[in-house]
Every structure is written in C-alpha cells, then in structure tokens.
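Down below is the structure, laid out as structure tokens.
Rule-based calculations on the coordinates, nothing more; no lab input. Since we're looking at a predicted model, the values are computed, not measured. Here the Cβ positions follow ideal geometry from the backbone for every residue, glycine too, while neighbour counts run over all protein chains shown.
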Number of protein chains: 2
Amino acid sequence: MVSPSLKSPRSCKCVATAPSETIAYKTKVPRNSNMAKLQAGYLFPEIARRRSAHLLKYPDAQVISLGIGDTTEPIPEVITSAMAMRSHSLSTLEGYSGYGAEQGDKKLRAAIASTFYGDLGIDEADIFVSDGAKCDISRLQLLFGSNATIAVQDPSYPVRGIPRIPLTFVHTCTVMATKEEKAYVDSSVIMGQTGLYQKDIEKFGKIEYMRCTPENGFFPDLSTISRTDVIFFCSPNNPTGSTASREQLTQLVQFARDNGSIIVFDSAYAMYISDDSPRSIFEIPGAKEVAMEVSSFSKYAGFTGVRLGWTAIPKELLYSDGFPIAKDFNRIVCTCFNGASNIVQAGGLACLSAEGLEAMRSVVGYYRENTKIIVDTFTSLGFKVYGGKNAPYVWVHFPGRSSWDVFAEILEKTHIVTTPGSGFGPAGDGFIRVSAFGHRENVIEASRRFKQLYK
Amino acid sequence: MVSPSLKSPRSCKCVATAPSETIAYKTKVPRNSNMAKLQAGYLFPEIARRRSAHLLKYPDAQVISLGIGDTTEPIPEVITSAMAMRSHSLSTLEGYSGYGAEQGDKKLRAAIASTFYGDLGIDEADIFVSDGAKCDISRLQLLFGSNATIAVQDPSYPVRGIPRIPLTFVHTCTVMATKEEKAYVDSSVIMGQTGLYQKDIEKFGKIEYMRCTPENGFFPDLSTISRTDVIFFCSPNNPTGSTASREQLTQLVQFARDNGSIIVFDSAYAMYISDDSPRSIFEIPGAKEVAMEVSSFSKYAGFTGVRLGWTAIPKELLYSDGFPIAKDFNRIVCTCFNGASNIVQAGGLACLSAEGLEAMRSVVGYYRENTKIIVDTFTSLGFKVYGGKNAPYVWVHFPGRSSWDVFAEILEKTHIVTTPGSGFGPAGDGFIRVSAFGHRENVIEASRRFKQLYK
C-alpha cells in the first residue's frame with residue numbers, strides 16, 4: 001500500500017498505485033532487499049478501514065476505542081512540574097546544559113537501578129536510559145547484527161510498524177502507525193536476520209515462533225523450541241495479558257543457559273503485576289548471565305508521547321568469546337543515539353521520587369481498575385478471560401469463532417473497537433484483545449454495552 | 001580500551017584489561033563481527049588524557065575548552081516557556097496526549113518545511129522529525145543496509161563514537177562520548193558496509209574518502225572519486241568550517257546524478273551562513289532526485305541536550321527500481337522510533353514562530369560573534385585561517401607542523417584545549433580546530449592568551 005502521507009493531498013487517492021509513469025529520474029541505488037521483505041500492515045489498517053466504514057454507516061455513533069494500548073490519563077503534576085522546571089532552567093546560565101551522556105543522566109540511571117532492581121545486583125552502570133523500549137529494541141538488533149537468530153512469542157506482532165489510520169482517514173488520508181508494539185519482528189527483518197514472509201503460515205522464515213495459548217498456560221513448550229541466539233520474551237505480555245510465573249521464568253533462564261542464548265526480557269508492564277510474579281527477569285537466579293531487560297515509563301507515568309525508557313544489561317552477560325555485551329551496546333548507544341531529552345530525564349527522575357512513585361502507582365491503579373471492570377464484565381457473561389490480572393490487556397476467548405467475526409459483531413452492535421487476536425499471529429485466533437487504557441466513563445459504558453450484547 | 005563506566009568504581013583502573021579469569025558463564029552468541037571492526041577512539045580520549053595531565057601539573061590553571069562543539073548559552077525563554085507549558089498541559093485532561101505520529105507533529109513538519117525550504121518544493125509530508133541528526137544518520141544506515149557503499153569527506157571523523165573523558169576522569173573514571181559528530185563512518189561500520197580498518201592509512205576499507213584541503217578549496221576533486229551509493233556531505237562543514245558554494249554543490253549534484261548516487265546532505269550549521277552560499281541542497285536544481293537533507297535544532301536553539309532534528313526526503317528520490325526512498329524511511333521510522341518527545345516538539349514549534357526565529361538568530365549571532373573574535377585573533381597573528389565565516393568552527397593552519405604538537409603547545413602555554421586536525425583524518429594534519437561555542441568572556445580571554453603566545 002502506498003503511504004498516502006507521501007503523496008500530496010491533491011493527488012491522494014488512498015489506494016495502492018504503481019509508480020507514476022512520469023518518473024524523470026531514478027538513482028542507481030538498489031532498494032535494501034530486507035525492506036522489501038516487510039509485509040504491508042494488515043491488522044490496524046483493516047481495523048481502521050472497518051471503523052471508518054462503521055462511522056459512515058452510523059455517523060452519530062459514540063465509538064469507544066479499546067483497541068490501541070495508548071495511555072489516556074493525565075501525567076501527575078509532580079512529574080510535569082519537574083519537566084517544566086527543567087525546561088525553564090535551560091533559559092538560565094546556571095541551569096543550562098548541552099550534550100548529556102548518551103547513556104543517560106547518572107542520577108536517573110542510579111534511581112532506575114535502585115527502584116526497579118533494588119538488591120538484584122543491577123547497578124547504575126548497567127542501565128542505559130532510552131527514548132523508549134521500541135527504540136532500544138531497534139538498537140539491540142543493530143547490536144546483534146544480521147547473523148543473529150531470534151525467537152518471539154506467538155501471539156505477538158507478526159507484522160510490525162503497521163499503519164494505523166485514524167478516524168479522520170477518509171478526509172485527510174493521514175496515516176499513522178501503531179505505537180505500542182516493540183518491533184521485535186520487523187526490526188529483525190530490517191536487519192536481515194529473517195527469511196521471506198511465508199503467507200500460508202503467516203510467519204517469516206528463520207524466526208522461531210513460540211506458541212502461547214491457554215493449553216500451555218501462555219508459556220511455550222520449550223522442548224519444542226529450537227535454539228536461537230536471542231529470545232524476545234514479554235511478560236506481562238502484550239497482547240495476552242498473561243504473566244510468566246517464577247517457575248516458568250526459571251525454566252526460561254535454564255533453557256537460555258543450556259543453549260547459550262540471550263533473553264531480551266520486555267518488562268514494560270511490570271508495575272501492573274499484582275501478585276508475586278517476578279517483575280524483573282533478574283529475580284531469577286542465573287539470569288544475569290543470559291538476559292538483558294528492556295522497559296519504559298510509557299505505561300507507568302503516561303509517557304507514551306513524552307518518551308523515556310531504559311535497558312539494563314548486566315556486566316555478567318558475555319558473548320561466546322567472553323566480550324561483555326554491555327560494552328558493545330555502549331558503543332551502539334554512543335554512535336546511534338544522543339541520549340534522551342534532558343527535560344524528559346528530569347521527568348523520569350521525578351517519577352522515581354517518593355511522591356512520583358506514589359503518583360505512578362495511582363496511574364497504574366486507575367488502569368488496573370479499568371482492567372478489573374473489563375475482566376468482571378466478560379467473566380460475568382460466561383466468557384473464559386485471560387490476562388488482566390497483571391496487565392492492562394484482557395484476552396477474551398470466543399472458542400470456535402473467528403476473531404474478525406467477533407470484532408465485527410462487537411463493532412456493529414456496540415460501537416466498540418477491540419483488536420482481533422488473529423491479528424497478533426495464528427495462535428491468537430478465537431480471541432479478542434480488550435485494552436484497559438481509556439477514560440473510566442468509557443470503560444463503564446463499554447461494559448454496559450458488552451453486557452447488553454452478550455447477556 | 002575497556003569502558004570504565006561498565007566497571008564498578010571499586011575495580012576501576014581506567015586501563016584496558018583482559019576479560020577476567022573468573023568468568024562463570026559465557027553465552028554461545030558470537031559477537032557481531034562488525035562491532036569488532038570499530039576502532040577504539042583515540043582523538044578525544046587522548047585530548048582528555050592530556051588535559052588531565054595538564055591539570056595535575058597546573059592544578060590552579062583556568063582551563064578554557066574550545067575543543068568540543070557543544071552549545072553553552074541558555075535557550076531563549078520563548079522556547080523554554082513553550083516546552084514548560086506543554087509539559088504542564090500534559091497534566092490536564094484536555095492537554096494530555098499519548099503516542100504521537102512517529103514522523104512528528106503535523107504542525108511542526110509543516111513549519112519546518114515552510115521555514116527552511118520555503119519555495120524549494122519540500123512539503124510537510126517530506127519532513128521526518130527526529131531526536132537529532134546523529135540518531136537519524138543511524139536510521140538512514142539501517143535504511144541503506146549492509147550492501148550500500150558510502151563516501152565521506154576527509155577530514156571528517158574517521159573514528160566515531162569516541163569516548164570523551166571529562167575533567168573529572170582521574171577521580172571518577174566516568175567516560176562520556178563526543179556528541180557533536182554525526183556518526184557517518186561508525187554507523188556504516190556497524191551496518192557492515194565497510195571493510196577492516198587499515199591502520200597505516202587510517203581508513204576503513206570500502207569507504208570512499210573525499211579529500212578536502214585548502215588546495216581544493218575544501219571541495220573534493222570529484223574526478224578522482226569513485227561512485228558510491230551514498231555520499232555523506234556536510235556543509236557548512238565540521239571540522240573545517242568551510243561551506244560549499246552554489247557552483248560546487250551544483251557539481252556535486254551533477255556528480256550524484258551521473259552516478260545515480262544518493263547525497264545525504266548534513267545542513268546542521270546552515271543558519272550560520274552569512275553569505276549567499278546555499279543553505280539547503282535543495283536550492284540546487286535537480287537535487288530533489290538525488291539528495292536528502294539531515295538537520296537539527298541543536299546548534300540553532302541550544303538543543304544539544306533537548307534533542308530535536310529532522311530529515312527531509314523528497315518524494316522524487318527513488319531507488320533504481322523506482323520505489324520511493326521516503327516510503328522505506330517512513331517504515332524505518334515507524335519500526336525503530338516512536339517520535340521525538342511531544343514536549344520537545346512544542347519547543348521546536350516555538351523555535352519556528354516569528355519570535356522564536358528571532359531568538360534563534362540571536363543565539364546564532366552570539367556564536368558568530370565568538371567566531372569572528374577567533375578568526376580575527378588568528379588572522380591578526382598572521383595565520384592562514386579557514387572556516388569561521390559561515391560556521392562556528394575555525395580551522396587554523398600551522399603549515400609543516402604536527403597538529404598534536406600545536407595542540408600541546410597551546411595547552412601548555414595558554415591552558416586552552418583545542419582539537420588537533422589530524423584527529424579528523426589524514427587531510428587534517430597541520431591544522432587545529434577552534435570551536436566558537438563558549439561564553440564570550442572565555443573566548444575573549446582565549447583570544448588574549450593566543451595573542452600573547454603567538455605575538
């Protein structure tokens with residue numbers, strides 16, 4: 001699909017077009033063949049297309065979106081005030097600062113280490129502050145290089161960087177992409193680690209897909225998984241909302257140790273954990289020698305647009321030749337990044353003050369309450385519901401039905417946008433994902449409509 | 001050199017060490033061989049080592065640094081107020097926003113297009129807002145892929161992402177990297193585009209180095225340059241301060257058209273141009289079919305720590321198969337980036353208001369005045385001085401002398417840190433770079449000391 005954003009509004013037809021026949025000049029630079037392997041997004045554009053069609057059919061419908069995992073609640077003032085103050089101080093001689101350390105402000109690195117890793121043996125020097133987990137995943141792929149092999153959970157996002165077409169699509173042809181996904185797969189494709197996309201099985205060649213379903217408690221049967229250099233593992237998980245237990249993560253770490261693999265543990269939803277599931281992979285003994293952790297302030301403080309995250313790489317994590325992986329990542333960060341914004345880092349530091357932590361817990365608590373409403377709604381209606389306990393995503397089972405049929409039914413009858421599970425991979429069919437990010441009144445209204453539909 | 005930041009302060013010896021013999025476990029993941037090709041930085045660590053030694057010898061010396069190209073002057077209030085206001089608004093229901101477009105806020109893209117490209121045929125849709133030029137250079141390398149061939153100016157930074165060791169080095173072992181360089185070469189090495197580093201000629205294999213010296217007016221003799229897929233070209237130039245004329249850029253564009261190459265034009269210092277040299281490559285007819293442009297707010301508004309830049313990719317720029325390059329870059333940006341911080345983008349928009357533009361011109365004017373003082377100083381002392389007119393860098397010629405000897409002489413006798421030209425590449429020997437970023441009183445004092453030394 002041709003991205004309409006690249007065309008002038010005049011000529012925009014919002015449909016795929018062959019290259020114009022009036023091309024005056026082409027360079028002699030061949031297109032990077034890895035880019036050609038990427039699949040045009042189909043999940044979110046299709047959702048947007050259906051939503052637009054729905055709005056044309058019901059122009060007065062009050063559509064509620066529980067589809068995208070984007071935060072909706074204001075950032076606590078203790079945090080925004082710190083950013084405003086840092087911003088003002090940049091206008092003073094004493095407060096001004098230029099380039100900061102690429103790895104992040106020393107104080108922020110120390111605060112992240114002590115807040116999230118307490119006595120787990122991760123210290124300030126192991127923390128690399130980022131402009132978000134998605135960005136660091138891409139830098140990690142650069143680190144691993146094109147010969148690395150990777151494994152990902154299924155469901156996850158088989159096709160990434162998918163354009164999301166907003167409600168105004170019909171009029172403006174603006175195309176936006178989905179933001180919440182860490183681009184494990186697409187960044188791997190771009191790096192040249194994968195084979196071609198195999199349409200029949202909806203998978204890329206050379207990627208190991210780890211099937212996660214209710215049957216295996218959303219934890220892969222590791223005895224069936226081939227060794228890869230890198231294992232991307234997200235817990236609490238997006239989209240299933242499931243959280244790996246201590247025992248499961250111990251298995252995962254043992255699996256990585258047996259294979260000499262590196263786990264890239266995505267803990268972006270760890271603050272949503274309400275039981276004693278591990279919040280960090282480093283809670284598992286032996287993990288520091290086989291794992292790194294990627295995380296973010298996005299879903300804790302509402303920083304999806306503010307941009308701040310981090311990656312923790314223990315000094316014990318070594319390549320086969322004994323070279324420390326953190327040392328190469330340091331070089332990547334220094335070459336390909338210039339540090340998160342100093343203003344934003346001041347916000348991160350405020351997040352980790354006593355008052356800031358309390359404020360973040362309150363934000364998380366709000367979405368958690370939303371999640372409970374959604375879980376209770378579907379449970380009371382007799383559905384099998386997964387996730388939700390430790391994550392802001394609810395994974396609702398509609399056995400024997402196609403995800404897209406359920407999506408269509410819900411949209412048609414309730415004006416609610418959800419996400420069809422099959423869009424996240426073959427193992428997701430028969431499910432829909434309901435996101436708990438939304439204003440409370442919308443979630444309550446959505447609950448009312450779901451109850452009316454499935455009563 | 002082992003990065004001391006990765007070692008605990010206890011064990012830090014600030015020297016290269018072999019991997020510890022007490023290694024308990026190594027993964028079976030081989031190190032990315034491209035990372036192994038990177039050279040340990042020698043320029044800035046060596047400068048820092050000498051500065052530290054100097055401070056040990058003269059503990060009371062008032063050292064002035066004109067070495068690093070980092071901004072020192074406060075950001076105008078019209079800009080920081082806008083960022084503070086945006087920050088505060090994120091604490092309100094009406095003002096809050098989550099994920100923004102990866103390509104940047106529509107208004108900011110439009111303002112960049114109209115401010116910097118006026119009637120040059122670059123519009124909003126061609127602009128990708130970034131967190132800085134260095135970061136976008138790395139994303140561009142991902143775009144081009146490992147089979148692309150590149151050309152760079154010599155002098156430029158032959159070795160990038162070089163650790164800069166601050167004054168506190170001796171005590172804290174903190175290592176910071178230099179920030180000002182766009183990592184053309186190192187990012188190319190990381191992508192696997194280059195051969196090995198050839199120590200004897202101080203060059204990487206498979207990179208085309210374009211020699212720029214006073215003899216050729218700091219513009220390469222294109223008849224001697226081999227075709228490459230990509231030509232990185234920075235004008236006004238860092239480190240030489242030279243600016244390519246309209247005629248020279250017309251030659252460059254013709255060269256690219258003849259070869260079917262892509263010019264990546266780095267215009268991060270364009271606002272420093274005081275004559276009628278082109279501020280954008282797109283001022284050259286035919287450039288839109290062979291060039292893209294990378295730029296930044298860093299040196300205009302003092303945003304080196306705030307982080308904001310952009311890349312302009314015309315829709316006319318096509319791969320050999322006719323596929324639009326901007327379309328693939330859009331995919332890269334959506335996969336590997338999540339947009340610049342919304343707070344920072346509000347600052348960018350304020351920069352481009354009438355008042356903001358005036359304020360930026362005043363910041364640029366301040367450093368320009370510094371530059372004039374430095375140029376006048378060396379000119380009055382009889383030196384051949386290059387650059388400075390259209391760039392905040394002054395390139396002073398010491399014919400027949402080694403750059404490092406001159407550096408040492410200046411440091412020893414004036415306590416001023418400069419940068420030895422040979423550190424930027426073989427063509428830089430016999431020069432020192434004097435940066436005009438600094439407080440006025442320091443520049444005046446430096447001028448006084450230079451005059452005393454070379455009177």
Using the Cα gyration tensor of the protein assembly as shown, the equivalent ellipsoid's semi-axes, largest first and to the nearest Å, work out to 45, 30, 26
Filtered hits (lysines, Cα-Cα < 20 Å from A:Lys206, offset >= 8 within chain) -> A:Lys37, A:Lys182, B:Lys28
homo-copy label distances at A:Asp321 (7 angstrom along Cα-Cβ), nm, one dp, ascending, are 3.5
Per the helix-only model, the protein assembly as shown has a calculated mean residue ellipticity at 222 nm (DSSP H runs of ≥4, -39500 (n - 2.57) each, divided over all residues, rounded to the nearest 500) of -11000 deg cm²/dmol
Which of A:Lys288/B:Lys199; A:Lys299/A:Lys451; A:Lys107/A:Lys299; A:Lys106/A:Lys299 exceed 26 Å between C-alpha atoms? The answer is A:Lys288/B:Lys199; A:Lys299/A:Lys451
Rounded to the nearest Å, the spacing of the alpha-carbon centers of region A:21-63 and region B:367-421 is 53
Rounded to the nearest Å, the spacing of the alpha-carbon centers of region A:236-279 and region B:198-229 is 50
Per the rotation taking chain A to chain B, min distance Cβ-to-axis on chain A (residue, whole Å) equals A:Ala84, 2
Of all DSSP beta bridges with both partners in chain B, the antiparallel percent, nearest 5, is 55
Sorting from shortest, the nanometre distances separating the label point of A:Asp200 (7 Å past Cα along the line to Cβ) from those of the same residue in the other copies are 5.5
Quarter of the surface of the C-alpha convex hull for chain B, i.e. direction-averaged projected area in nm², equals 24.2
Relative contact order in percent for chain B (Cα pairs under 8 Å, 6+ apart) equals 22
Rounded to one decimal in nm, the spacing of the 7 Å Cα→Cβ label points at B:Arg361 and A:Ile201 is 6.4
Assertion target for B:Val129, A:Val417, ordered by fewest C-beta neighbours within 10 angstrom first, is A:Val417, B:Val129
Output row for A:Gln254: copy-to-copy label distances, label 7 Å along Cα→C-beta, ascending, in nanometres, one decimal, is 7.2
In chain B, helical segments from DSSP H whose Cα atoms cover 15 Å or more along their own axis and that average at least -1.0 on the Kyte-Doolittle scale are B:43-57, B:77-89, B:106-117, B:133-144, B:325-336, B:354-380, B:403-414
Amide H contacts under 5 Å for A:His415, restricted to residues at least 5 apart in sequence or on another chain and with H modeled in the peptide plane, are none
Going from the fewest other Cβ atoms within 10 Å to the most, one would list A:Leu357, A:Leu38 as A:Leu357, A:Leu38
Restricting to Cα pairs under 8 Å and 6 or more apart, the percent relative contact order of region B:289-412 works out to 16
Projecting the Cα atoms of B:Leu120, B:Ala244, B:Ile207 onto the charge dipole of the protein assembly as shown, where Lys and Arg contribute +1 and Asp and Glu -1 at Cβ, the residue farthest towards the positive end is B:Ile207
Everything considered on the Cα gyration tensor (a ≥ b ≥ c; rounded for a/c under 1.5, else prolate if a/b is larger than b/c, else oblate), region B:340-455 must be described as prolate
Quick calc: nm separation of the 7 Å Cα→Cβ label points for B:Lys28 and B:Ser402 -> 4.9
Computed about the Cα centre, the charge dipole of region A:250-396 from +1 Lys/Arg and -1 Asp/Glu charges at the Cβ has a magnitude in debye, to the nearest 20, of 260
